[in-house]
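Just below is one structure, and these are the notes that go with it.
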Amino acid sequence: MLVQLNQTAAGRTGLRLAKVREGCTPHWLTPQRGGALLLPLLLSGSAVIAAPAMGLELYLDLLSQPSRAVYIFAKKNGIPFELRNVELLKGQHLSKEFFPVNSLQRVPTLKDGDFVLSESVAILIYLSFKYQTADHWYPSDLQARVRIHEYLGWHADRIRGTFGVSLWTQVLAPLIGAQVPEEKVKRNRTNIDKALQHLEDKFLGHKAFLTSQQVTLADLMALEELMQVVAVGYPLFEGRPRLAAWRERVEAFLGTDLCQEAHGPIFHIVEQAANKTLPQPSPDFYPNMLLRISMIP
């Protein structure tokens, strides 16, 4: 049989058409000259020739920044999936029921048939290839693609562990009767401001979006981390018109309804905490929460 690649897929992957004899599994795919696209190219090859798998499941909690990024990406791109809610505050990610799904006990987690994948960036890349989403999300151009990875590397180091602290200090620690020292709170605010300045100067600059003139996975990951701080009342965008305009562009592209749907749970968490309507964490989850609080720099 002849493996058929449509023009868009061939252009994105940089692969030649491969003729495969009936009953044989291809073990090679030949990149065109200049078509090396880093490790995810291997994924693109298998995604192109494989029949669409059914029953995609996403294990998420929309209080989680990476979970929201995956949820928004799947919804925006019309990717069909079964949502499996894993309530972190109840410690459901630590349950014996969830352990067979992901022994790392983390969300988001993707389950596609027998294939299980954790870590949000890996999941987003997998979905972008399998469902052949628009090229701007994760471009086929090598230099445009590594710009995204450049940002995501910095994001993991300077954004991921910094912007989630406010939720712990204002909501989660008090929920179990703990308190974060004031000097740690002040240090975190300083680190947030420094990171925002680097985000504006190094990555956004005078472009429309963080790594190019179009929305990419980098913008989606960044937006969700920043929303975590906005949700607890920190005036993140005050005095930062470039960053505020960037947020407006990203949310306009994603759509108001989708953003409200995804951000609803986190935007109501302070009110729920004040009204004492948040679920009380399971006592089995307390040690994990206390450990996380102790690790705040």
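In region 164-297, the ratio of gyration radius to Kirkwood radius, Rg to Rh, stands at 1.00 when only Cα atoms are counted. Note on region 56-295: antiparallel DSSP beta bridges, both residues inside, total approximately 65 percent of the bridges counted. Rounded to the nearest Hz, the phi-derived 3J(HN,Hα) couplings of region 240-255 under the Karplus curve 6.51 cos²θ - 1.76 cosθ + 1.60 (θ = phi - 60°) are 10, x, 5, 5, 5, 5, 4, 4, 4, 5, 5, 5, 5, 5, 5, x, where x marks glycine and proline.
Judged by the mean number of other Cβ atoms found within 10 Å, the most tightly packed of the peptides 121-128, 150-157 leads the ranking 121-128, 150-157.
Set the Förster radius R0 to 45 Å, insert the Cβ-Cβ distance between residue 117 and residue 194 as r into 1/(1 + (r/R0)^6), and round the FRET efficiency to 0.05.
0.85
Taking label positions 7 Å along the Cα-Cβ direction at both residue 57 and residue 201, the computed distance is 4.8 nm, reported to one decimal. Surface composition of region 160-235: carbon and sulfur make up 49 percent of the accessible area, probe 1.4 Å. Proximity of backbone amide H atoms, modeled 1.01 Å from N, is registered between residue 84 and 58, 59, 60 at under 5 Å, excluding neighbours fewer than 5 places apart on the same chain. The packing ranking of peptides 224-231, 84-91, highest mean first, is 224-231, 84-91, where packing means the average number of other beta carbon atoms within 10 angstrom of each residue. Stretching residue 157 away from residue 142 to a fully extended chain increases their span by 3.1 nm, per 0.36 nm per residue minus the current alpha-carbon distance. Shape analysis of region 56-295 based on the Cα gyration tensor places the equivalent ellipsoid semi-axes at 27, 24, 16 Å, largest first.
Quick one: accessible area per residue over region 86-182, 1.4 Å probe, rounded to a whole number of Å²?
Solvent-accessible surface per residue comes out at 45 Å².
Tally Lys/Arg at +1 and Asp/Glu at -1 over every other residue whose Cβ is under 12 Å from the Cβ of residue 156; what's the total? Overall, the nearby charge balance is -2.
The values are calculated or read from the model by the stated rules, or taken from the named source; none is laboratory data. All values reported here derive from a predicted model rather than from experimental measurement. Counting neighbours? That spans all protein chains shown, and the Cβs are built from the backbone with ideal geometry, glycine included. Each accessible area value is taken on the protein alone, full model and side chains, heavy atoms only, with ligands, DNA and RNA left out. Shrake-Rupley method; radii C 1.70, N 1.55, O 1.52, S 1.80 Å.
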